[in-house]
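What follows is a short report on a single structure.
The values are calculated or read from the model by the stated rules, or taken from the named source; none is laboratory data. Bear in mind the structure is a predicted one, so any value in this text is a computation, not a measurement. With ligands, DNA and RNA removed, areas are computed over all heavy atoms of the protein, side chains included. Shrake-Rupley method; radii C 1.70, N 1.55, O 1.52, S 1.80 Å.
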Amino acid sequence: MPANNNQVSLRLQHHSLWSLTDSSECEQEREDNVTTRCPTPLEKLTTDMCQDEKTIKELTMGRRVGFYKVRGQIGCGNFSKVKLAFHALTKDKVAIKILDKTRLDLQSQRMLSREISNMESLSHANVLRLYEVIETPCRLYLILEYAGGGDLHTKICTEGKLSDHDSKITFAQILSGIKYMHDNSIIHRDLKAENILYSCNACVKVADFGFSKRVRNRNEVLDTFCGSPPYAAPELFRDESYIGPPVDVWAMGVLLFFMVTGTLPFRADTVAKIRRCVLDGTYILPTWVSAPCQRLIRGILKPDPSERCALDQMLGCEWLLPVDITHPTQPTNKLDPLRLVLADPGDLSRDEQEARAALEELGITDEHILNNQGKKSRSPVTGVYRILMHRVQKSRGVECVPSISGVVKDPKRDSLRAYRSLRHTSKLCILS
Ligand SMILES: Nc1ncnc2c1ncn2[C@@H]1O[C@H](COP(=O)(O)OP(=O)(O)OP(=O)(O)O)[C@@H](O)[C@H]1O
């Protein structure tokens, strides 16, 4: 396939109204290929998108968006609808968050662009992935990893508190995801049970990056009140400015309390009353919560952010010691398919080589990749690549739910062992 024709086909996918004026080029492209060999899946799809009546109708009716076949609605937010969809080439399930741009004020637009730029830079088993962004004059489509297991809030509200075992497994994964985000300079600022989703295989995903913020350093001072009042740290109510990481840590303490007791530590029927509760800092931990878990919660819910337990300290705490926590992180450059073309083939990882072979099978060539460079997630090539890469990683067990390895015989010694394996050590926090 000549490079310029490929370019035309792929550029077409990101136009809202499918320009049929380009169909002569598609026709030419189809004729060239059909006479010589079988069209690749990509060629077949792009030709259908230009010529096949059914496909064109689906595109016009919104039953197809770019390379995705849209199915039923799975949720809705204040400004969005979320629908289930399938990638027409890879057949993978995805969630499409659809936003009506005309309803977004300046503030929401700013939040959305932060959500996109922060999400597209992250790749971790416990952070919901953004595969692709498609923009039309009126709409924005965020193509997200599908998390079919529901959210933690609904789970607890319908099934009750989690067992100590499930709390450990869930919290360890949230901790792993947040640590990865903080290590990559991103603060979530809206952690709550509603934003913790489960994938179909019970792997935990931190979602909703609308309030997230990229910081220049861990001590950068922030001044926007974000988040949900029951999860908001006292300094958010008290001070005009705050430091990012401890605010996420506090919300994790509220989350942990909610998981193990089924209730929120600071609850009231008005924001003013919640504020009072949080500033008073008093909460009642039921005595049946295990002592190591109580110590962790008390270490996190410290009114003074500088005294609050740090993430590394949580990783080494007694309550989590029996959990095998892995930190499957990906260098962020692996999110860009351009690496497949520009890197020395010997430098490509096994995952990258596998993803590259899968791309080739679909008919996506180096030329396609080069023609889409610089578009980050706003490219159908990046979308396919990220989906394939994620699939390869999952097949390698990257998303295995952590297991509880057994009884901890000597918490003090094992805790030190856990600390030794950490790259960043923090100042000591007394868990009283
Ligand atoms: N990737 C996903 N996989 C499965 N379901 C999802 C996914 N993303 C969102 N949902 C579902 O869709 C609902 C709406 O999500 P969305 O992010 O649009 O809004 P929200 O976070 O609930 O509200 P807000 O408008 O305050 O951001 C969620 O509550 C969740 O149930």
Subject >> Whole-Hz ³J(HN,Hα) from phi, Karplus 6.51 cos²θ - 1.76 cosθ + 1.60, for segment 383-397, glycine and proline x >> reply: x, 4, 4, 5, 5, 5, 4, 4, 4, 4, 4, 5, 5, 8, x
**OP:** Could you tell me the distance between the Cα centroids of segment 289-305 and segment 328-402, to the nearest Å?
**Re:** 41 Å
Original post:
How much length is gained on full extension from ARG110 to GLU53, taking 0.36 nm per residue of separation minus their Cα-Cα distance?
Top reply: 16.7 nm
Original post:
Using heavy-atom solvent-accessible surface (probe 1.4 Å) with all chains present, what is the largest-first order of CYS203, CYS76?
Top reply: CYS76, CYS203
Original post:
Under a straight-distance cross-link criterion of Cα-Cα below 22 Å, which lysines are reachable from LYS57, leaving out those fewer than 8 residues away in the same chain?
Top reply: LYS44, LYS69, LYS81, LYS83, LYS91, LYS93, LYS97
**OP:** Would you work out the relative contact order for segment 233-328, in percent, from Cα pairs under 8 angstrom that are 6 or more residues apart?
**Re:** 32 percent
